[in-house]
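Bear in mind that the values in this text are calculations on the coordinates, not laboratory data. Treat the numbers as computed from the prediction; the structure is a model and nothing was measured. In this analysis, Cβ positions are derived from the backbone assuming ideal geometry, glycine residues included, and neighbour counts consider all displayed protein chains.
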């Protein structure tokens with residue numbers, strides 16, 4: 001999995017490095033939700049909110065996601081997404097989240 005270089009971290013996440021380590025190694029975190037960038041251009045919703053347990057599925061091992069943010073609970077994840085949409089609109093005057101976060105295009109790093 002890939003983490004956005006300017007990872008959004010919820011206010012109640014005390015140790016983001018520990019959460020990242022646990023996500024990479026598949027260690028369960030019952031309260032952690034993640035914001036994932038949907039890289040498929042034809043899908044209307046560029047950002048998805050999902051529980052961290054879904055990252056253990058074989059699909060995500062074969063197709064590593066780009067994680068934009070980590071939050072403690074679904075409410076905090078929704079608030080983080082709202083803030084992201086507002087920042088995008090203020091910065092660009094539109095709702096192109098992919099273009100706002102990755103103005104030079106999406107490039108994946110080698111490795112996981």
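Below are the figures for this structure:
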read-out: Residue list for the stretch 17-34, restricted to those being in contact with a strand residue (DSSP E or B) (Cβ under 7 Å, 6 or more places away or on another chain) and either more than 17 Å from residue 65 (Cβ to Cβ) or outside any helix (DSSP H, G or I) (or both); value: 31, 32, 33, 34
read-out: Search result, residues across the stretch 1-36 that are buried (at least 18 other Cβ atoms within 10 Å of the Cβ), more than 17 Å from residue 61 (Cβ to Cβ) and out of contact with any helix residue (DSSP H, G or I) (no Cβ under 7 Å at 6 or more places or on another chain); value: 19
read-out: Considering residues of the stretch 38-65 that are in a strand (DSSP E or B) and in contact with a helix residue (DSSP H, G or I) (Cβ under 7 Å, 6 or more places away or on another chain) only, the residue nearest to residue 76 (Cα to Cα); value: 49
